[in-house]
Amino acid sequence: MPKLFEDLHEGETFESGTHTVTKSEIVSFAEQFDPQPFHVDEAAAEDSMFGGLVASGLHTLSLATRLTVDDCLSEIENMGGSGMDELRWNAPVRPGDTLTVRAEILEKTPSDSRPDRGYVDFKRRVYNDDGDEVMSVISHNIVRRRAADEES
């Protein structure tokens, strides 16, 4: 049974499964959404500051969101999100990198105006298989609260 707002605790962490990034998905995503040369053209990427093909930061964020939804938010009565802050791309993601997400609850606040929900801030960190933090972001989620007439 998914956790409600009252079941969550500051400092609690959730770990995702993994996703290995392929060259074809990097290029495909970038061709649609971020067609910069270092995302779509291997020769141009070799001459870039990255020295090779790298995933778009937006692609990394999308992959991290998928991993978070599948393996972290699926355990919570998540009602949606209200935004993100402090998005950082700390290291490039390259073909063959295997990504994982660690989401830590930073803060939780019950809604003053809507008794059916509370607000939960997660610090999400994305790591490659070498243990390098490639991305971080704080996401603001809305989580269902236990009804007043429900037992804990």
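The values are calculated or read from the model by the stated rules, or taken from the named source; none is laboratory data. The structure presented is a predicted model; accordingly, all values stated were derived computationally and were not measured. Every residue, glycine as well, gets a Cβ built from its backbone with ideal geometry; the counts of neighbours run over all protein chains shown.
Answer with yes or no whether residue 35 is loosely packed, with under 14 Cβ neighbours inside 10 Å and closer than 15 Å to residue 142 by Cβ. So that I can check it myself, show each step before the final result.
On the way: loosely packed, with under 14 Cβ neighbours inside 10 Å: yes; closer than 15 Å to residue 142 by Cβ: no.
So residue 35 does not fit the description; no.
In summary, helices (runs of 4 or more DSSP H) completely within the range 35-74 and bearing 1 or more residues that are within 12 Å of the chain's Cα centre (by Cα) and on the phi < 0 side of the Ramachandran plot occur at 57-71.
Selection of first residues in the range 123-140 that are on the phi > 0 side of the Ramachandran plot and of second residues that are modelled with pLDDT under 95 and of a type in the set (Gly, Ala, Ser), restricted to Cβ pairs under 8 Å at least 6 apart or on distinct chains, gives an empty result.
Based on this model, can you work out whether residue 77 counts as among the acidic types (Asp, Glu), exposed (fewer than 14 other Cβ atoms within 10 Å of the Cβ), within 30 Å of residue 7 (Cα to Cα) and touching a strand residue (DSSP E or B) at 6+ places or on another chain (Cβ under 9 Å)? Talk me through it step by step, then tell me what you get.
Values: among the acidic types (Asp, Glu): yes; exposed (fewer than 14 other Cβ atoms within 10 Å of the Cβ): no; within 30 Å of residue 7 (Cα to Cα): yes; touching a strand residue (DSSP E or B) at 6+ places or on another chain (Cβ under 9 Å): yes.
No, not satisfied.
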